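Colleague: Once you've had a glance at the structure underneath, I'll fire off some questions.
The values are calculated or read from the model by the stated rules, or taken from the named source; none is laboratory data. Bear in mind that the values here come from a model prediction, so they are computed numbers and not experimental data. Heavy atoms of the whole protein, side chains included, go into the accessibility calculation; ligands, DNA and RNA do not. Shrake-Rupley method; radii C 1.70, N 1.55, O 1.52, S 1.80 Å.
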Amino acid sequence: MNAVRSSILALACGLLSPACSEPSEANARNAILIVVDTLRADQMSLFGYERPTTPKLDAFLCERGWVFEAAFSTAPWTKPSVASILTGLDPRQHQVTLHTHALHSSLPTLGEAFAQAGFQTAAIQSNYYLMRAFGFDQGFETYNEDHLSAYGDSHGAAINAAAFDWLDDERDAKRPFFLYVH
């Protein structure tokens with residue numbers, strides 16, 4: 001089977017390297033990881049689609065973000081793919097391959113790496129398969145799943161509002177942060 005082309009677009013407002021050491025004024029940069037489930041790159045103006053389908057995202061990325069143009073998913077569906085993003089492991093290693101599987105607490109996650117480096121960590125997501133009951137909250141001080149949606153439903157506006165609310169009202173301005181938005 002051919003590799004499944006990822007529909008995931010990752011934006012980073014900072015590099016993961018700050019997570020490798022204690023933050024200081026000299027090296028602490030905030031990081032935001034945005035995962036857009038089932039978004040087709042060939043339908044985005046960012047990647048040459050003729051209609052302006054993602055103008056705000058395009059502008060943001062041109063000004064201050066990074067685009068991973070050759071991203072491929074480790075699995076053909078969300079749960080094992082996100083487990084791989086958060087652990088850096090192949091699905092055969094993290095073993096989150098079925099609907100009922102949970103992320104094992106012994107596996108280090110991206111959230112934990114940032115938290116251990118002194119970053120405030122938050123995740124805001126709406127996917128049932130990524131609920132805290134399956135261990136996806138590991139390493140996040142805040143894990144907002146207030147807008148869980150049924151298959152096919154989109155709560156993008158609510159997720160965006162929750163992310164901005166966290167940035168504006170809940171985050172500690174004295175600490176660097178890692179925010180994962182799905």
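Colleague: List, in order, the whole-Hz ³J(HN,Hα) value for each residue of region 68-78 obtained from phi through the Karplus relation with A = 6.51, B = -1.76, C = 1.60 and θ = phi - 60°; use x for Gly and Pro.
Modeller: Once θ is set to phi - 60°, the couplings for region 68-78 become 9, 7, 10, 8, 10, 7, 7, 8, x, 8, 4 Hz.
Colleague: Output wanted: per-residue J couplings in Hz (rounded whole) for region 165-182, from phi through Karplus 6.51 cos²θ - 1.76 cosθ + 1.60, θ = phi - 60°, x for Gly and Pro.
Modeller: Once rounded to whole Hz, the list reads 4, 4, 4, 7, 10, 9, 6, 8, 5, 8, 10, x, 10, 10, 10, 10, 10, 10.
Colleague: For a quick check: with amide H placed at 1.01 Å from N, whose amide H comes under 5 Å from residue 33's, ignoring anything fewer than 5 positions away on the same chain?
Modeller: 179, 180, 181
Colleague: Quick check: Cα centre of region 43-116 to Cα centre of region 140-182, how many Å?
Modeller: Computed from Cα coordinates, the inter-centre distance equals 16 Å.
Colleague: Could you state how much accessible area residue 171 has, in square angstrom rounded to the nearest 10, with a 1.4 Å probe and all protein chains kept in place?
Modeller: 80
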